[in-house]
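K.L.:
Next up is a structure, given as structure tokens.
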Amino acid sequence: MISALSLLSACGKGEKNSKENAAPEVLTMTETYVDTMTLRVSPFQKQVVCNGHLSAREKSDLRFSTDGVTLQLHVKEGQHVGKGQVIATLDKEQRKREVDKAEHDLYRANVDLTDKLIGLGYDADMKDVPLDVMKRAEVTSGYYSAKYQLEEAKRALAECDLRAPFAGRIANLDAKTHQKSDKVCTLIDDSSFDVEFKVLEAELGSVQKGREVTVSPFVNEEKKFSGIVTGINPQVDEKGLVKVTAHIDGRDPILIDGMNVRITVDENVGNMFVVPKDAVVERDGYHVIFRYRDGRAVWTYVDVVHSNINSFAITGCQRKETRIEEGDIVITSGNLNLADGTEVRLR
């Protein structure tokens, strides 16, 4: 029993001495790894980026020009139709009866015209009737009026078929069979689109008539369509914006009338120092980059001259009288956690 207690006591002392003699825990600082690039002069594409929407260059609300009940619809929403294709048809029975009556009236008027000319001493074949005599006879016999009435009746019958005035796609199909309709549908020519967007007054120098633009629909920004600026509204609105119109070829099923799109206008502004946007941070109201020198980050003020989606064109800061030079090593990642003199390691 005594031996066992002695053994336990010895084990307890050994464990205590082991903890006291253990090396103190060492706290290590996390090293900062960064990516860098070598500053070079290169061509820079300044970009104006804004939002706009598509508008079909040709679009029309289609209506029957005569009253009646819609008998049949020949199309569905979204369907493509060719020029002259029948879209809808009115009930034609009344119009057919009017044509029959007009034909009967014309026949009777023609008989009266012949009798009148024979009474004036001309042959029934009417070959030798002077033009002025024929015109008077047509009017007084009722032939002229009857002929006009037949033409109108035939026109009204033809208008019972609503035809597409141009090739396009059916939208907003409002008409229903066996009902009167004010508007049948909207026909949209989706073979080409105008793009309407607004730019700041200060950006007008970059957006000129004839300049190329790139258009991307919000639903799929990987899709890119080329366009040309076709018009600039000569007025600045109350928000300091100017409306611009460009034209793009719309032969792609993803493009539809009214779609929201992003417009990018590129302008080559010459050779400049170009860095990724991640290389520039804001500190104390100034733009700052960090240059890599002897294992440390060197705080450097710069001015951002131009920008595009991915990059900045920079120079030394005029107010801080700083300079940057070709060959400088610029840190392009982790800048938000850096301060002047921070030790860094290249990734």
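K.L.:
Just to be sure, is Asp174 within 30 Å of Asp252 (Cα to Cα), at pLDDT below 95, surrounded by 17 or more Cβ atoms within 10 Å (Cβ to Cβ) and charged (D, E, K, R)? Lay out the reasoning, then the answer.
P.N.:
Working: within 30 Å of Asp252 (Cα to Cα): yes; at pLDDT below 95: yes; surrounded by 17 or more Cβ atoms within 10 Å (Cβ to Cβ): no; charged (D, E, K, R): yes.
No: the conditions fail for Asp174.
K.L.:
Scan the stretch 202-222 residue by residue and report those that are surrounded by 12 or more Cβ atoms within 10 Å (Cβ to Cβ), over 20 Å from Ala56 (Cα atoms) and among the acidic types (Asp, Glu).
P.N.:
Correct list: Glu203 only.
K.L.:
Taking the stretch 327-347 on its own, how many of its residues are in contact (Cβ under 8 Å) with a residue 60 or more places away in the chain, part of a loop (DSSP other than H, G, I, E, B) and in contact with a strand residue (DSSP E or B) (Cβ under 6 Å, 6 or more places away or on another chain)?
P.N.:
Of the residues in that region, 8 qualify.
K.L.:
Could you check the stretch 68-169 for helices (runs of 4 or more DSSP H) lying wholly inside it with 3 or more residues that are in contact with a Ser or Thr (Cβ under 7 Å, 6 or more places away or on another chain) and not basic (Lys, Arg)? Reasoning before the result, please.
P.N.:
Numbers: elements: 93-119, 131-141, 143-158.
Ranges flagged: 93-119.
K.L.:
Kindly list the number of the only condition in (1) in the same structural domain as Leu71 (by TED's automatic domain parsing); (2) among the hydrophobic types (A, V, I, L, M, F, W, C); (3) modelled with pLDDT under 95 that fails for Val86.
P.N.:
(3)
K.L.:
Anything in the stretch 273-303 that is farther than 15 Å from Asn335 by Cα and surrounded by 16 or more Cβ atoms within 10 Å (Cβ to Cβ)? List them, or say none.
P.N.:
Phe273, Val274, Asp303 - these are the residues of the stretch 273-303 that are farther than 15 Å from Asn335 by Cα and surrounded by 16 or more Cβ atoms within 10 Å (Cβ to Cβ).
K.L.:
Of all the residues that make up the stretch 54-67, how many are touching a Ser or Thr at 6+ places or on another chain (Cβ under 9 Å) and among the aliphatic types (A, V, I, L, M)? Write out each step before concluding.
P.N.:
Just the residues of the stretch 54-67 that are touching a Ser or Thr at 6+ places or on another chain (Cβ under 9 Å), to begin with: 55-64.
Now restrict to residues that are among the aliphatic types (A, V, I, L, M): 56, 62.
Looking only at that region, the number is 2.
K.L.:
Taking strands (runs of 3 or more DSSP E) that do not extend beyond the stretch 191-297, which have at least 1 residues that are under 28 Å from Gly78 (Cα atoms) and free of Cβ contacts under 8 Å to residues at least 24 places away in the same chain?
P.N.:
Numbers: elements: 212-217, 225-232, 241-249, 260-276, 281-283, 286-293.
Per the criteria, 225-232.
The values are calculated or read from the model by the stated rules, or taken from the named source; none is laboratory data. Please read these numbers as outputs of a predicted model, since none were measured by experiment. With ideal geometry, Cβ positions are generated from the backbone for all residues, glycine too; neighbour counts draw on all protein chains shown.
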